[in-house]
Amino acid sequence: METRELLIVDVARLTQNEKLVGETGPGILDLGSKEEIITPVGGIKVDLQLTLLGTELLVRGKLEQKIRCLCNRCAVPFETTVTENS
């Protein structure tokens with residue numbers, strides 16, 4: 001059994017607004033690819049603003065993950081970065 005790292009936020013210890021910046025460990029993202037067509041390279045870069053709104057948590061910011069891919073047409077590996085902004 002693999003040990004997976006999780007990104008956990010302790011809401012009870014949050015102030016009204018907090019910034020969460022850093023990088024997760026490399027094992028947090030499991031793409032389930034047995035053929036290794038897409039493989040994560042390193043951890044996920046995190047730059048998030050956490051805002052506590054009563055009993056709810058609003059999360060805004062940016063996540064960035066570098067991945068190694070295998071071209072389906074020519075079988076040449078390449079790397080790219082996937083970014084999600086919210």
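The values are calculated or read from the model by the stated rules, or taken from the named source; none is laboratory data. What you see is a predicted model, and the numbers here were worked out from it, not measured in a lab. In this analysis, Cβ positions are derived from the backbone assuming ideal geometry, glycine residues included, and neighbour counts consider all displayed protein chains. Remember, those area values only see protein heavy atoms, side chains included, never the ligands or the DNA or RNA. Shrake-Rupley method; radii C 1.70, N 1.55, O 1.52, S 1.80 Å.
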Check on L70, loosely packed, with under 14 Cβ neighbours inside 10 Å and of a type in the set (A, V, I, L, M, F, W, C): no
Residue that is farthest from L7 (Cα to Cα) [pool: residues in the range 32-50 that are of a type in the set (G, A, S) and either open to solvent by 40 Å² or more (accessible area, probe 1.4 Å) or assigned to a loop (DSSP other than H, G, I, E, B) (or both)]: S33
Failed condition for Q65, given (1) more than 13 Å from the chain's Cα centre (by Cα); (2) surrounded by 14 or more Cβ atoms within 10 Å (Cβ to Cβ): (1)
Test: residue in the range 73-86 that is outside any loop (DSSP other than H, G, I, E, B) and open to solvent by less than 70 Å² (accessible area, probe 1.4 Å): yes
Answer from L57, L53, L29, L20 - the residue that is modelled with pLDDT under 90 and loosely packed, with under 10 Cβ neighbours inside 10 Å: L53
